[in-house]
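Below you'll find the structure, written out as C-alpha cells, and then a few comments.
The values are calculated or read from the model by the stated rules, or taken from the named source; none is laboratory data. Remember, predicted model here, so these are calculated numbers, not experimental data. Ideal geometry is used to build each Cβ from the backbone, glycine not excepted, and the neighbour counts take in all protein chains shown.
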Amino acid sequence: MPVRSTPTDDAAASPSCTDARCRRPSGALPDRLLDVNETAELFGVAPATIYDWAYQRKLPVVKPSGPRGPLRFRLSKMLKQIDQWERPPLRPLREKVDGRGRAGGGEQP
C-alpha cells in the first residue's frame, strides 16, 4: 500500500507554493505550540510568571479551545520575544584616575 503524504507536505514540495507557511528553510525546526511549563522552562521562570505575563499581554497567546481554554505559546514567537528582550552588554566605564594614579578620583581633603 503506498504511503500518502499530507497536504502540507505536497504544498511544501510544490514550486507554486507562495504562502510563507509552506516555505521553510531546510533544517529548521517546525513551529509548534508550547504549554505553560515548557514556556516557563524556555524563559527560566516559574509557570506563574508565564500566566502573569500572558494576562498582562506581554506574551502572545494561542487558545486552541476558546477563551477559557488552556494557554499555548508559539515557539517562534517566544524565540522572537527573547531576541526583543535581549539587551547589548554595557560599554566599559572609563576609569577615573586621581592625581596619584589611583582609581576613584574622590575629593581630596
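Quick look at the values:
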{"read-out": "Enumeration of residues in segment 48-62 that are assigned to a loop (DSSP other than H, G, I, E, B) and farther than 15 Å from L75 by Cβ", "value": "Q56, R57, K58"}
{"read-out": "So Q81, is it polar (S, T, N, Q), modelled with pLDDT of 85 or more and loosely packed, with under 10 Cβ neighbours inside 10 Å", "value": "no"}
{"read-out": "Test: Q108 is of a type outside the set (D, E, K, R), modelled with pLDDT of 90 or more and loosely packed, with under 10 Cβ neighbours inside 10 Å", "value": "no"}
